[in-house]
Amino acid sequence: MRILPFSLLSLAFAAAASAADVPADAQFKALDARIQALETEGQKLREQAAAALAAADAARAELEKMKVALQSTQQAQQAQASAAVAAPAQSSGPSAAGANGNAFNPAIAVILNGDYAHHSLNPDHYVRAGFPVVDGAGPGPQGLSLGESEISFAANIDDKFYGQLTLSYHDDNGNVGTEIEEAYIDTLSLPDGFNVRAGRFFSNIGYLNSHHTHTDSFVDRPLAYQAFLGNQYGDDGAQLRWVAPLDIFLELGGEVFRGENYPSGGANHGGVGAHTLFAHAGGDVGTDNSWLAGVSVLKSKTSQADDGFSGDNTLYVADATWKWAPNGNTKDGGVTVRSEFFLDRRNGIYVAPEDGSALDLSDPALSMAMTPWTGDRRGVYLEGVYRLSRTWDLGYRYDKLWSANSGAFASDFDPVRHSVELTWRNSEFSFFRLQYSHDDPTHTTTDNALYLQYDVSLGAHGAHKF
């Protein structure tokens with residue numbers, strides 16, 4: 001029996017001896033490998049946890065976006081429902097704010113413009129020293145009248161052309177007329193910033209000339225526009241315009257016109273009797289200021305213009321506009337200052353118009369009635385408009401003309417006029433304007449005029465220029 005315990009003890013000592021034979025560094029290596037395996041596994045677990053957290057954050061953000069979109073949709077639906085209740089008559093028509101040239105084919109716009117005018121000087125007896133008054137370029141009728149109202153049709157014809165037709169109605173001292181004001185096509189896809197216009201349109205000379213009168217800041221056009229362009233020069237012709245690919249706005253262009261309308265006349269040179277060149281540049285100064293400036297020239301060979309002139313006529317125009325508004329938002333406030341200077345050079349003769357009938361200027365019988373008309377005339381206006389708010393604006397304009405020292409209408413008096421206006425705008429589609437003007441057209445006459453104007457826009461009307 002004592003042999004068994006002794007055997008067991010012998011076996012234990014043998015196992016201990018075998019364990020002592022295993023090197024210690026091998027044990028450490030095995031332990032280190034085990035630790036590295038545990039760290040690798042822990043890193044994988046941490047990465048999986050981070051991915052799961054990122055996915056949860058993305059899902060939460062997407063849920064918030066869906067909630068905001070749902071709230072916006074509900075608010076829009078509520079607003080539409082409220083508008084439908086408040087103005088059910090408008091539910092069948094398009095939204096003017098969302099209309100564009102492709103909303104209908106074509107888009108249709110109507111401008112209704114009327115006024116009441118009281119003149120201290122009878123408009124029928126109005127004379128301007130040094131400057132004959134042509135039809136449509138005088139002080140306007142006394143009392144109530146429907147001014148120049150218009151209807152226009154515009155649309156993209158296809159991917160390469162745009163078209164517009166504007167019909168206008170006007171009443172000048174009882175001289176009522178309806179005419180095609182504009183009818184032209186524009187190219188849409190010419191390369192390198194080029195554009196071609198063809199048809200009947202307003203010339204791009206100066207600043208105001210290419211703008212429709214209902215966009216003006218005053219009831220009537222400046223004296224220089226009345227005297228040198230008959231309010232606005234438009235004719236049948238073609239225009240080539242190039243906009244440079246620059247950080248600032250730069251356009252260069254030229255036009256050829258039939259030369260039938262004032263200040264030209266007679267459609268000389270085979271129906272291309274008038275030519276223009278123009279250049280305009282503009283840009284921003286910081287976030288609150290912007291500017292636009294240009295120079296233009298109109299040259300024509302004229303026969304029997306509305307003011308009786310025949311000969312060579314060259315008109316130079318320089319324009320400048322500055323706008324200031326907080327953050328550039330001119331709709332809610334700010335100041336606009338604008339000026340244009342005109343220099344008119346004539347070399348020809350004057351024959352008094354006779355009931356619009358054509359005269360044979362080569363007829364010797366008319367030689368006694370001809371008067372040389374050679375010389376320079378000038379004109380300028382300076383206006384400033386303070387936009388008090390989205391609803392109100394207040395403006396002042398100064399006009400002056402300088403007569404020629406010689407020729408058919410030589411005069412030592414230079415007409416001058418001061419105007420102030422106050423405009424209330426219910427929206428971008430309607431306004432009412434009160435204006436007072438003090439006009440000294442001759443050294444012996446004064447016209448104090450008070451105007452009350454309304455102007456409303458119906459339908460899809462395109463954005464206006466700068």
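A few points about this structure:
- Hydrodynamic radius of the range 108-208 by the Kirkwood approach over all distinct alpha-carbon pairs: 16.4 Å.
- Inter-part distance where the range 260-277 and the range 112-142 are each reduced to a Cα centre, Å: 26
- Taking all C-alpha pairs of the range 141-299, those more than 19 Å from each other amount to 62 percent.
- Here the spin labels are modelled as points 7 Å beyond Cα on the Cα-Cβ line, and at N329 and F249 they lie 2.1 nm apart.
- Taking every protein chain into account, the 1.4 Å probe leaves H280 with about 10 Å² of accessible area, to the nearest ten.
- Its Cα gyration tensor gives the range 235-339 an equivalent ellipsoid. The semi-axes, each the square root of 5 times an eigenvalue, are 35, 16, 10 Å from largest down.
- Annotation: Cα Rg of the range 166-230 relative to the compact-globule expectation 2.2 N^0.38 Å equals 1.37.
- If you wrap the range 391-466 in the convex hull of its Cα atoms and look at it from every side, the mean projected area works out to 7.6 nm².
- The stretch between H443 and M66, if pulled fully straight at 0.36 nm per residue, gains 128.4 nm over its current Cα-Cα span.
- When F249, F201 are compared by accessible area at a 1.4 angstrom probe, the order from most to least is F249, F201.
- Added length on full extension, which subtracts the Cα-Cα distance from 0.36 nm per residue, A26 to L146: 32.3 nm
- Extended-chain gain in nm, criterion 0.36 nm per residue less alpha-carbon gap, Q36 and E179: 42.2 nm
- For the range 145-191: Kirkwood Rh in Å [reciprocal of mean 1/r, alpha carbons]: 12.2
- For the range 237-277, the share of alpha carbon pairs falling in successive 10 Å distance bins from zero is 30, 37, 21, 12, 1 percent.
- Largest-first ordering by accessible area, 1.4 Å probe, given options V110, V317: V110, V317
- For the range 189-270, the C-alpha radius of gyration sits at 1.24 times the compact-globule guess of 2.2 N^0.38 Å, with N the residue count.
- Residue pairs, from the table K301/K400; K299/K400; K160/K323; K323/K400, whose Cα atoms sit over 32 Å apart: K160/K323
- Heavy-atom accessible surface of the range 174-296: percent carbon and sulfur, 1.4 Å: 58
- For the range 31-58 versus the range 295-321, the gap between their alpha-carbon centres in whole angstrom: 84
The values are calculated or read from the model by the stated rules, or taken from the named source; none is laboratory data. If you're wondering where the values come from, they're calculated on a predicted model, not measured in any experiment. When we count neighbours, we look across all protein chains shown, and the Cβ atoms used for this are built from the backbone with ideal geometry, even at glycine. Ligands, DNA and RNA are stripped out before the accessible areas are found, and what is left, the full protein with its side chains, is counted by its heavy atoms. Shrake-Rupley method; radii C 1.70, N 1.55, O 1.52, S 1.80 Å.
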